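Working notes, structure below.
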Amino acid sequence: MAVNQEQYKNISKELIDRKVTLVAVSKTKPPEDILELYELGHRDFGENYVQELVDKYEQLPKDIRWHFIGHLQSNKVKYLAPFVYLVHGVDSFSLLKEINKKGSKAGRVIPVLLQVHIAMEETKFGLDANELGEVLHSSELTDLKHIKINGLMGMASFTEDLTLIRKEFLYLKTLYDQYASLRLENVSFTTLSMGMSSDYKIAVEEGSTMVRIGSLLFGARDYVK
Ligand SMILES: *Cc1c(COP(=O)(O)O)cnc(C)c1O
């Protein structure tokens, strides 16, 4: 299916004016769709599945910035470590250590965001506020020379209740601000990744610096294929 170029132009303009980065979420979409936005100058693309991301990385121009926005399993880190631009969904200290290890092997410092659980659904991943504090204050954290924690990521509840969504984003922004002054060699907050097709406007109003938008740009996804 064709990319909605008109929509892309409108959204990018809206976001550029507010200094918010647009990650175009291309999961399940073919490389041709990605190239269509690439040719309009877009470089930040997000994927949820490791194998799919690696396949697309191999086929597409090397100056694309690949964001991994899914739930990353430790045994798959090695496939992304050589090239991933930003890992959004880190939700445990052990995963952080594994990314550090594979970053070291790849001779890189890998930028990551810690995922915070802000939604009602239990099925969504992420740290709670206490666990986030534990990770960021861990005495072991400074040993991890091959990761860099750039900020936080979260997903609001899947609901029509816009007041609840706003409250969840506000909560995440509050946590973000709480740690924004924390300066370690490998911690320096610059990025708050929140907002998707259905709620990005609210997220931006609540202080998002990076939104992850799929269906508005690429059309609805077909998972059956
Ligand atoms: C799929 C996905 C998105 C994009 O969703 P849309 O509703 O299509 O914009 C954003 N973030 C994450 C983590 C996703 O899995």
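Values in this text are rule-based calculations from the coordinates and carry no lab data. Bear in mind the structure is a predicted one, so any value in this text is a computation, not a measurement. Virtual Cβ from ideal backbone geometry, glycine too; neighbours counted across all protein chains shown.
Is there a pair in K56/K201; K29/K101; K78/K145; K27/K97; K19/K62; K76/K201 whose C-alpha atoms are over 22 Å apart, and which pairs would that be?
Violating the 22 Å Cα-Cα cut-off are K56/K201; K29/K101; K27/K97; K19/K62; K76/K201.
The chymotrypsin sites (Phe, Trp or Tyr not before Pro) found in the stretch 131-209 that occupy coil by DSSP, while having at most 16 further C-beta atoms within 10 Å, are F158. 3J(HN,Hα) along the stretch 193-199, derived from phi through the Karplus expression 6.51 cos²θ - 1.76 cosθ + 1.60 where θ = phi - 60°, amounts to 8, 8, x, 10, 3, 7, 9 Hz, with x in place of Gly and Pro.
Using DSSP to define loop residues, name the chymotrypsin sites (Phe, Trp or Tyr not before Pro) in the stretch 1-77 whose beta-carbon has at most 16 other beta-carbon atoms within 10 Å.
Y49
A helix-only calculation puts the chain at -11000 deg cm²/dmol for mean residue ellipticity at 222 nm, using -39500 (n - 2.57) for each DSSP H run of at least four residues, averaged over all residues.
The GluC sites (Glu not before Pro) found in the stretch 113-151 that occupy coil by DSSP, while having at most 12 further C-beta atoms within 10 Å, are E121, E122, E140.
For a modelled paramagnetic label at Q5, 7 Å from Cα along Cα-to-Cβ, the residues of the stretch 203-222 in reach, with backbone nitrogen under 16 Å, are 217-219.
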